[in-house]
Each structure stands twice: as structure tokens, then as C-alpha cells.
Amino acid sequence: MLTFALILIFSDTIKLFWGVENRRIVLPIEPMEVLGSFVNPYFFIIIAAGCGIALGLWFFLHRSRYGKMVRAAVFSRDMVSALGIRIPAIYAGVFGLGVGLAALTAGIFLPIMPLSLGIDMDLIVQCFAVVVIGGFGSILGTFIASLMVGVVYSFSILFWPDGALAIIFLILVAVLIWRPWGLFGTELRY
Amino acid sequence: MPDFGSLLIQLFSGFSRAMMLFLLSSGLSLIFGVMNILNFAHATLWLLAAYLTYTFFQIFSRLWGSEALVLMASIVLATGIMFLLGVAIERFLIRRMYSRSCPNNSCLLSPSS
């Protein structure tokens, strides 16, 4: 509930500092490229950067010392604190990591995305759908689920704009009926 | 049936949206996995970061011209600031909630608790 309050706090902070008008998109110089038809080459940069960040996250979680501590804390909080690793530092670090990751994606997507005030609400609903479909705590599940949700949403905007979110929720309900812990989640995390 | 060009564009925009959802959801999933906190404000903080990056880009591009390097510098700066903000939020706001009793691991603050 606290984080719900944070939504309201930060939304109003944005409104306070930046006003309610939509911000024009940032324009780094990127000419159009012909690939059968005109495609903004920035999309390739986005996909490459996204994969790069995903790989970096995977390396951090699986190969570095701090990442292993984080994964151990996911698995069993009490054992980690029993081993003498300070849990509050890990909590703060992981929260900061999550927020920093969000900030990184915001920056990467800035050139193709006009900013306005309501887009975070639409996005977080789809994020919850992705996390539930993919299973909490599983990066691979999040990847597969985000591919599904992203492509389905984008295509149904083309064919049936009003029902785009409805289709996502239908998939969500189907997955929840079939496997309540998400496609890749472990049974512990319900 | 729309032509191949628009299908291709939709596919690319779908992939880029999927990338954004993936990165955002990874953060959300990580936070929930480690701390059992559902961070509702994740996308709002994302939006704050976007506005921050936009502002930095405006400032820096007035100094150095608008190029990809300036964008990267403003992204790095905004990410650093948001990381510190996230740590601060956890330390000062969320940490106080741990001591309260959380029935069934879902920390919804009810007036009676």
C-alpha cells in the first residue's frame, strides 16, 4: 500500500516540476532507413540495448558476488542473514537496482516515446500482467512473457485497438487457470 | 489485410515494447522476489526518470549540441540519481514497514494494524 501512495506522490511531483503539457520527444539526429519500407533505425538500437542490459543483468545475478547474494536472498532470507550478510543493505541495493533499471529503460526509450502524464498507469498494468504470466522472480519467464505481451499488444492495436488490453487479460486469466504460479515460476512463490 | 511494411513496423514496435516491458518487469520481479514488496510505483518512477532524462538532455544539448553521446550522458546521470532515490526510498520509507506485522506476507497497511 505504501508503494501505491508513492504513485500518487511521484505523479504529483512530476506535475509540480514539469507541468501537465506533453513533452515533445527528444530528437537525437537519426535519419530514416529503407529496409523494404521506412523503419526508424533506432528500433534496432533499442532491441540491441535491451538484450545487452538483459545479459548484463544475468551476468550480475549469476556471476558476480553481489548477484549471488541477491539470488540467495530470494531463495532464503533467513539463511543469508544467518550467514552474516547484512540484509538491509541487500534490500536497499536491490530496490535501487530495480529503480535504476527502470530509469535506464526510460532513458533508452526517450527518443521514440513522447512523454505525457498518464502513460505509467497503462504500463504498470501490463508489467503486472507480464510478471504474473512469467512467474515472480524468474528472469527467463519475464523475458518470454514480455515478448508475448508486447507482440500481442502491438498486433492487436493494429487489428482491434480497443481490445488490446482485453486480449492481454484473457491470456493472463488463461495462464492463471492453467498454472497459477506463472509459466516459469517455482511453486513456492505463489 | 495491411501490407507487409506496416506489419513489419508493428512487429518492430511490438518488439521494442516487449523490451521495455521486459526491463521494467525484471526490476519489478527482482524487487518482489527479494523483498516481497509489490512496487506499484515502479512505472511512475520510470516516468520520473524519463522526465529527468529529458531535462538533462535539454540542459546538456544546449551546451554541447544534441547527439547520441549527450543522450547517453544524460541517461547515465538520470540512472545514477534514480538509483540513489530508490535506495533512499527503501531506507527511509519502506524500511519502517518491516517491523509491522505482515499477515500472509502481503503488506497492505490496514487502519486496524
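List of remarks:
- For the residues of A:60-73, the average number of beta carbons from a partner chain within 10 Å of their own beta carbon is 1.
- Sorted peptide list for A:146-158, A:97-109, criterion being average Cβ within 10 angstrom, highest first: A:97-109, A:146-158
- Residue by residue along A:151-158, Cβ atoms of other protein chains within 10 Å of the local Cβ number 5 on average.
- Among the residues of A:110-119, the average count of other protein chain beta-carbon atoms within 10 Å of the residue beta-carbon is 3.
- Protein accessible surface hidden between B and A, which excludes ligands and nucleic acids, total in Å², probe 1.4 Å: 7900 Å²
- Solvent-accessible area assigned to carbon and sulfur over region A:34-113 amounts to 70 percent, based on a 1.4 Å probe.
- Computed label-point distance, nm, for sites B:Phe92 and A:Phe75 using a 7 Å Cα→Cβ extension: 3.6 nm
- Shape class of region A:89-190 from the alpha-carbon gyration tensor: oblate, with a/c at 1.5 or above and b/c at least as large as a/b.
- Anisotropy class of region B:1-81 from Cα gyration tensor, a/c 1.5 cut: oblate
- Sites A:Ile112 and A:Arg86, calculated FRET efficiency, Cβ-Cβ separation with R0 45 Å, nearest 0.05: 0.65
The values are calculated or read from the model by the stated rules, or taken from the named source; none is laboratory data. Since the structure is predicted, the reported quantities are computational estimates derived from the model, not experimental observations. Note that we place each Cβ from the backbone using ideal geometry, even for glycine, and neighbour counts take in every protein chain shown. Side chains included, ligands, DNA and RNA excluded: accessible areas come from the protein's heavy atoms. Shrake-Rupley method; radii C 1.70, N 1.55, O 1.52, S 1.80 Å.
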